[in-house]
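Below: the structure, in structure tokens.
The values are calculated or read from the model by the stated rules, or taken from the named source; none is laboratory data. Please read all numbers here as calculations on a predicted model, not as lab measurements. With ideal geometry, Cβ positions are generated from the backbone for all residues, glycine too; neighbour counts draw on all protein chains shown.
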Amino acid sequence: MKLRSFMILSALSFGGFAFLSWQSVQLPYSMPEAATQGKQVWQAYNCISCHTVFGNGGYNGEDMTHIVSKRSSKELLNFFANPPVMRPNHKLLHPKVSPEEAQNLVQYFNYIDKIPTLGWPPKARKSGEST
Ligand code: HEC
């Protein structure tokens with residue numbers, strides 16, 4: 001093989017390698033802006049202190065990883081617009097968020113619902129239930 005052909009082939013192989021590496025690090029879909037903002041609302045209100053996502057967080061409220069499979073967007077928006085008094089002693093009102101923050105939270109929940117979690121979270125244990 002001539003030196004010139006060798007150099008052209010090397011350059012092409014390197015180009016192909018660089019392209020494939022670049023392609024493999026791209027995510028299949030990026031996080032929508034509204035979902036990113038929803039995550040910031042989630043952080044700002046410290047929702048994690050009472051709710052878990054992917055199993056991490058507090059156990060006062062339920063896990064939110066797949067909440068959109070259980071509640072429609074309309075139900076969630078309605079919940080945020082009219083937060084209930086919370087169990088167990090029904091004295092504290094559930095944190096209230098603005099309509100815009102509620103929309104972003106719903107986008108965030110829709111986004112995390114699509115992340116494959118291999119069946120996580122497992123079925124929650126009812127309080128008072130023994131193992
Ligand atoms: C002080 C603890 C606490 C904090 C902080 C908190 N939650 Fe809750 N959340 C609860 C409890 C308890 C319930 C169950 C309400 C009831 O008694 O029905 C609940 C219920 C919910 C529900 C309804 C679940 C369903 O099955 O319908 C959603 C959605 C929710 N919370 C989202 C949030 C978001 C988003 C935040 C942050 C903005 C947040 N929560 C902050 C304790 C909390």
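Please specify each residue of the range 5-40 satisfying the condition of being closer than 25 Å to D113 by Cβ and surrounded by 11 or more Cβ atoms within 10 Å (Cβ to Cβ).
Of everything in the range 5-40, those that are closer than 25 Å to D113 by Cβ and surrounded by 11 or more Cβ atoms within 10 Å (Cβ to Cβ) turn out to be M31, P32, A34, A35, T36, Q37, G38, K39, Q40.
Which of the residues that make up the range 75-101 are within 15 Å of H51 (Cβ to Cβ) and among the hydrophobic types (A, V, I, L, M, F, W, C)?
L76, F79, F80, M86, L92, V97
Each row is one residue, and each column tells you yes or no for (1) closer than 27 Å to E33 by Cβ; (2) over 16 Å from the mean Cα position of the chain (by Cα); (3) at pLDDT 95 or above.
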position: F54; (1), (2), (3): yes, no, no
position: H90; (1), (2), (3): no, yes, no
position: P99; (1), (2), (3): yes, yes, yes
position: V106; (1), (2), (3): yes, no, yes
position: Y111; (1), (2), (3): yes, no, yes
position: L118; (1), (2), (3): no, no, no
position: P122; (1), (2), (3): no, yes, no
position: R125; (1), (2), (3): no, yes, no
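Do we find a residue being loosely packed, with under 15 Cβ neighbours inside 10 Å, without any contact (Cβ under 8 Å) to a residue 40 or more places away in the chain and under 16 Å from C50 (Cα atoms) anywhere in the range 106-124?
Checking the range 106-124: not a single residue is loosely packed, with under 15 Cβ neighbours inside 10 Å, without any contact (Cβ under 8 Å) to a residue 40 or more places away in the chain and under 16 Å from C50 (Cα atoms).
Applying the selection to the range 62-80, what residues are touching a helix residue (DSSP H, G or I) at 6+ places or on another chain (Cβ under 7 Å) and closer than 21 Å to Q43 by Cα?
Once the filter is applied, which keeps residues that are touching a helix residue (DSSP H, G or I) at 6+ places or on another chain (Cβ under 7 Å) and closer than 21 Å to Q43 by Cα, the range 62-80 yields M64, T65, H66, I67, V68, S73, L76, L77, F80.
Give the range 65-92 a look and list any residue that's among the hydroxyl-bearing types (S, T, Y) and touching a residue at least 12 places away in the same chain (Cβ under 8 Å), or say none.
T65, S69, S73
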